[in-house]
Amino acid sequence: MKSFTVDAGGPVHIADYGGSGPVMMLLHGLGGSHLNWMSVGPGLARSHRVLAPDLPGFGLTPSQGRAASIGASVRLLESLIHKVAEPPVVLIGNSMGGLIALGLAAARSDLLSGLVLVDPALPSPRRDRFRLDPVALRFLLVFLAPRLGEFFLSRTAGAVGAEGLVRGTLERCTVDMRRVDPQMLAAMIDLERERIKVPRWHESVTEGSRSIVQTLLARGRVERWIAQVTAPTLLMHGTQDRVMKVRASRAAHDLRPDWEYFEFSDAGHVPMMEVPQAFLGVVDDWLVRHAPTGTAPSHDAAALTA
């Protein structure tokens, strides 16, 4: 994996997983980075040129005063696509990255040949609008309160260190953390160790958290985004996701039955990390049928059933 930096109101680090086809861009979730795609990047590069940017304040991209809100990230993503690709591109987003990808697809579907949403941050069904998940409630109480989120993250980092932060996150986001590739886990810990040395490192996490909650509370806006997407779309979700319940994606599919929908029965919030071969099989099959602009991917049968 190589990497490079582009200027988008400040430096933006982009991991290059290789490939020679049309561009595919991968967007990480809250607190994540380009490393979240290590287990699937090389496989996706068999049919596309695969790029994974780090959003400002995450991974190897410094904040430099840039906002980490959903709206700011949508605008940054549009700029990045013009800087590093010849549209249209395939856009894949996980969690917060899925919400950002949805926002761009609603406004500029002309930039996309395909959209893949992986356990995206979406509102719960209307019938559940007064029933908060424990994770959502924690966001509301901790991250929406002024300075409380920053204090919580700083205190947690001081108590458990970089490795504890990474392992704690993965335990919440997976069914079985042991399925995460050890090399990816080690790389994530090393990166987190450097990241928490940066002054005010936690501000992007807390700002992003607040923006996610505020965006999801504006249910009508997100539902309009869903309605406005014209690019071919694959929506996928792990049924064991404890961070963003699968019922949110099921509700989105009810609004857009023309979107292809797939559930991973044995995965949590990050199926590309937990069940990478199954993830690749679903995405590759969809790409061949709905975004057939690259070389047909070649995966062996054993890998697809792993």
- Task: Evaluate the following for Leu80: is it hydrophobic (A, V, I, L, M, F, W, C), modelled with pLDDT of 95 or more and under 12 Å from the mean Cα position of the chain (by Cα)?
- Result: no
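Identify, from the list Val135, Val74, the residue that is at pLDDT below 95 and assigned to a helix (DSSP H, G or I). Before the answer, list the steps.
Working: Val74 fails: at pLDDT below 95.
From the options Val135, Val74, the qualifying one is Val135.
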- Restricting to the range 77-99, what's the tally of residues that are buried (at least 23 other Cβ atoms within 10 Å of the Cβ), hydrophobic (A, V, I, L, M, F, W, C) and part of a helix (DSSP H, G or I)? 3
- Residue satisfying all of: in the range 17-37; small (Gly, Ala, Ser) and out of contact with any Lys or Arg (no Cβ under 7 Å at 6 or more places or on another chain); surrounded by the fewest Cβ atoms within 10 Å (Cβ to Cβ) among these: Gly18
- Message: For the condition part of a loop (DSSP other than H, G, I, E, B) and within 20 Å of Pro271 (Cβ to Cβ), what is the one hit in Ser20, Ser39?
- Response: Ser39
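Within the range 57-71, take every residue that is of a type in the set (A, V, I, L, M) and closer than 17 Å to Gly32 by Cβ and give me the one that is farthest from the chain's Cα centre (by Cα).
Looking at residues that are of a type in the set (A, V, I, L, M) and closer than 17 Å to Gly32 by Cβ, I get Leu60.
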- Task: Among the residues of the range 49-98, write down those that are hydroxyl-bearing (Ser, Thr, Tyr) and farther than 18 Å from Val270 by Cα.
- Result: Thr61, Ser63, Ser69, Ser73, Ser79
- Note on the structure: Only one of (1) closer than 30 Å to Ser63 by Cβ; (2) in contact (Cβ under 8 Å) with a residue 12 or more places away in the chain; (3) under 19 Å from the mean Cα position of the chain (by Cα) does not apply to Met177, and that is (2)
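The values are calculated or read from the model by the stated rules, or taken from the named source; none is laboratory data. Just so it is clear, the structure is predicted and the values come from calculations on it, not from any experiment. Every residue, glycine among them, receives a Cβ derived from its backbone with ideal geometry; neighbour counts consider all protein chains shown.
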